[in-house]
Every structure is written in C-alpha cells, then in structure tokens.
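Student: One structure is given below, represented as structure tokens, and several questions about it will come after.
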Amino acid sequence: MLLRLATEFRAAADDSVRARIVRALLPAQAAAWPCAEPDQILRKVAAAHGAAGTPRARELALRMFGCLAGLAKESVHVRSLVLSGLRSSNAAEVKAALFAAGCFCKLSQDFSYITLQVLAGLAISPTSEAQVIMAAIKTFSKLDCKLAVVRRVHEVGKQMVLGNLEDVFKAEILFALSRLASKSIVLFGDQVALLLSFLGHESSLPMRTMVLKSLCFMFRRNTFYLPGASTVFGTLLQLVDDEDFPLDCKRYAFRILQKILCVKDPSIRHINPSELSKLALATKRFLHCSSWEMQYNALEILLDIFFCFLKETKPHQTIGTLESPSFSYTGYPGISNNMLSTHEETSEDEKSLNMILTAIVDNIISLANELANCRSKVLVSCELQKYRALFSLMLKLVSGYPSAASAALDKSSLELHMILLNQRLEVSMLLAWKLTLTRQS
C-alpha cells in the first residue's frame, strides 16, 4: 500500500492529491511501517521533492517524509533534504521541515542533537519570521527520545528563556520545556523552580499566565515528582490573594492548588494547617463571585481542604470511614453555629473544619436552590449540568464524611428538591443520593 501511495505521490500533477495522501498518513506518523522495499518508497518521495516546481509541493514532500519517519530515519539523503528545508527562505517549507525533523527526533538520538542546534539558531535569528520561531519552539517538546537528549534540550531552552528573546517566545519555550520535564523525575523539580521564578510582579501578565498554564500541565496528574510542593503552594496562595491578578489566571492557580491537595502521600504534600486555613479564607471570597466556574472551583477547593484537615486531625482513619460525633445538626436552613457542641473548648483545627463544612453545605444548597427556581427554558440544559455538578460535589462530601449527611439535606428538603427538579435529575443520581442518606441514618 505504501509503495502505491508513494508512486501516486510522485506521479500526481495536482498538489491537492499529494495533500490528501499526507492527510491519510498523518494519524500514523513515525509508525514502524512493515515494508519490504523501503528504499524504493523513499526514492519516489525524494524524486517528487526534487522535481517539484513549487514550494507547496516541496512542503508536502517534507511532510510525507515525516509521516514515513519510521522508514526514513536512517537515510542520509532524506536527512539532508530535511535539514536543507530548515534553511529555506519559504516559511511554509521551513515549518514542514520542522514537522519532519520532529518526527525523526522521536526515533533518532543523533539527529535530535543536530536538530536542537538548528532550532536554537532559528529561534534567535533576527531574520526568522515569527511563525517560524513559534514552530521551532514547539518542536522542542518532540526531542524526547532519550533522557540525555531531554536534559540537553532543557539546558538549551533554559539559556534561551534567560536570554533576550521576546516574552511571547519565552512563554512558548517555558511551555515546551514543561512538556518535556513532566516526563522526567530528574527535571520535574528544576522546571517547576524555573517557572516559579517568572511568577513575580516584574514578569508580564502573558508570561505569568503561560507559567500557570505550564504548571497546570505539569500537575495534571494526581501523582507528581516534587518534594518541595510547599514552595509552589505558598507562591500560588499569594497569587490567589492578589487583587490585581486576573480572575482567569486565578482559576489556573486554583487547579494547581487542588492537585497538590489531592496528593495521597502527605510526605509529598508538606502543607501545614496554617496554610490550609489561609487558603480556605482566600477561597471563601470567591463563593460569591459572578463567575459560576469560579464559584464551583472554590467549592471544590474547600472540599479538598476539608478532607486535608480531616487527614491531619484524624490520621489513623481513612476518608471513607471518617466520622465525628462532634459535628451536630439542628435542622436546615442553615447549619448550627455550634456544630462542635460536645466540646467545651474547640481547637483551631476544629474551628476551621466547622467553618469549611458550613461554607460548603450552605453554598451548595444556595446555588442548587437558585438553579431549581430558574424557569428559563433557554438555560435548561446549562442549569441541569450545573445541578449535576453540585449534586456530585455533595455526594463526594457525604461519601467522604458520613457525619455531614444530616447537615447536607434532611429528607423533607430532598423531596422538595425532587419536586422542583421533576425529571431534570437522572434516576441513577437520585438513587445514589437516597442510598447514601440511608447508609448514614
């Protein structure tokens, strides 16, 4: 099949035919194609590149080489064509060569080092167009075939970031390096430290925004390699408190903080209760924000803080079995201000728990009531989606802290919500809620 495609690619008189062939092969780029005659296939594509009369045809031939990187990675002739394309005066041809080089670099260590030098030169060259510089920077993240290569790319990229490049290019390099470092235990901490150094007020807003996006990417998993998470936590806590920092950027900060809070191993988290209390107070301010997404993010953060406090105060119990008779419930609306009534004197941790639980339950039910009372047919789908999110959040609270079941909703108010919502909640969700309440009663 590949031989027939290569033959058609060479013989095609129309670039649109070549473009369709490239698009067909893109999903399997750099695959190890089983082929009995790889040299013949490469010769046909190389012939199309050499006979091409237009930059568009050469561009497509270079992209074809990228798709066939599994066959072409050891071909000296094809490599020279790709490197020649990187020095072209045509921006589209250079970008196509960058695509091919990126595919080759995933398979070849020696070609990665050669390409890295070319990429650095393109990025700092005063004659390079902005689109070429951006494409070159994005190719950095593809140089990941070996740890030694990744380390060298990180060193070169770090030097470029600390150099005289424009902020827009520095920001892209930071993100490309973050993609690489997220795959390496060795580089993870160094990259986080580099990112944090650009979060100060002296950095531009676009730069700080990209730093937060990069941190979000690196912390996208619940497990990460960072013993010094407290440094990240403290820095982001200051950003959340900064009134001049845009709301969208604070949302990124909240996501990262939430990932840190969700780390299962407390030896990695290293967050003391005073920092959790500060975050809880800062987060409460966003419960009445005009943005629904920010309100929901704040509730999620408060719930995670609540569970973190429980882990600290009751370290020998799992979240699934945590119960506290000190949290009493005297009937809704509102949760009793004396939820710790069985204690003559309450500790600071218990006061924090009381404050957080009250804020979570009150705000979830308040938002749910607002949605249930809305009669706009245009927003029905959106309302339902929001109500599902709140419902799931309440289930998470009750499942993780059974004593909160009575404080969440008593059965009479649950029935009222059922009537108001009619068929807007799935039966499975209602059954799950009833089952949870039954287990707590």
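Student: Just checking: which of the helices (runs of 4 or more DSSP H) contained wholly in region 190-261 hold 1 or more residues that are of a type in the set (G, A, S) and at pLDDT below 85?
Tutor: 229-241
Student: Among the residues of region 159-166, is there at least one that is farther than 22 Å from S84 by Cα and of a type in the set (V, I, T)?
Tutor: yes
Student: Follow-up question, since we're still on this one. Would you check if L5 is surrounded by 15 or more Cβ atoms within 10 Å (Cβ to Cβ) and either within 26 Å of A130 (Cα to Cα) or not small (G, A, S) (or both)?
Tutor: Answer is yes for this residue.
Student: Give me the helices (runs of 4 or more DSSP H) completely within region 58-166, filtered to those with at least 2 residues that are of a type in the set (S, T, Y) and within 30 Å of V186 (Cβ to Cβ), ordered by residue number.
Tutor: Where helices (runs of 4 or more DSSP H) fall fully within region 58-166 and carry at least 2 residues being of a type in the set (S, T, Y) and within 30 Å of V186 (Cβ to Cβ), they are 109-124.
Student: Now for a different question. I'm trying to understand the selection: among the residues of region 1-29, which are assigned to a helix (DSSP H, G or I) and free of Cβ contacts under 8 Å to residues at least 24 places away in the same chain?
Tutor: Step one: list which residues in region 1-29 are assigned to a helix (DSSP H, G or I), which gives 2-11, 15-28.
Scanning region 1-29 gives R4, L5, E8, A11, S16, V17, R20, R23, A24, P27.
Student: Hey, can you tell me all the residues within region 174-203 that are among the β-branched types (V, I, T) and either without any contact (Cβ under 8 Å) to a residue 40 or more places away in the chain or surrounded by fewer than 19 Cβ atoms within 10 Å (Cβ to Cβ) (or both)?
Tutor: Residues satisfying the conditions are I185, V186.
Results for (1) hydrophobic (A, V, I, L, M, F, W, C); (2) crowded, with 19+ Cβ neighbours inside 10 Å; (3) modelled with pLDDT of 90 or more; (4) not assigned by TED's automatic domain parsing to the domain that holds L2, shown as yes or no for each residue.
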residue: A51; (1), (2), (3), (4): yes, no, no, no
residue: A72; (1), (2), (3), (4): yes, yes, no, no
residue: R87; (1), (2), (3), (4): no, no, yes, no
residue: A91; (1), (2), (3), (4): yes, no, yes, no
residue: A100; (1), (2), (3), (4): yes, yes, yes, no
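Student: OK, next. If we scan region 278-285, do we find a residue that is at pLDDT 80 or above and in a loop (DSSP other than H, G, I, E, B)?
Tutor: yes
Student: Anything in region 53-63 that is under 15 Å from S84 (Cα atoms) and either free of Cβ contacts under 8 Å to residues at least 40 places away in the same chain or of a type in the set (F, W, Y) (or both)? List them, or say none.
Tutor: Hits for region 53-63 are P55, R58, E59, L62.
The values are calculated or read from the model by the stated rules, or taken from the named source; none is laboratory data. Worth saying up front: this structure is predicted, and the values here are computed from it rather than measured. When we count neighbours, we look across all protein chains shown, and the Cβ atoms used for this are built from the backbone with ideal geometry, even at glycine.
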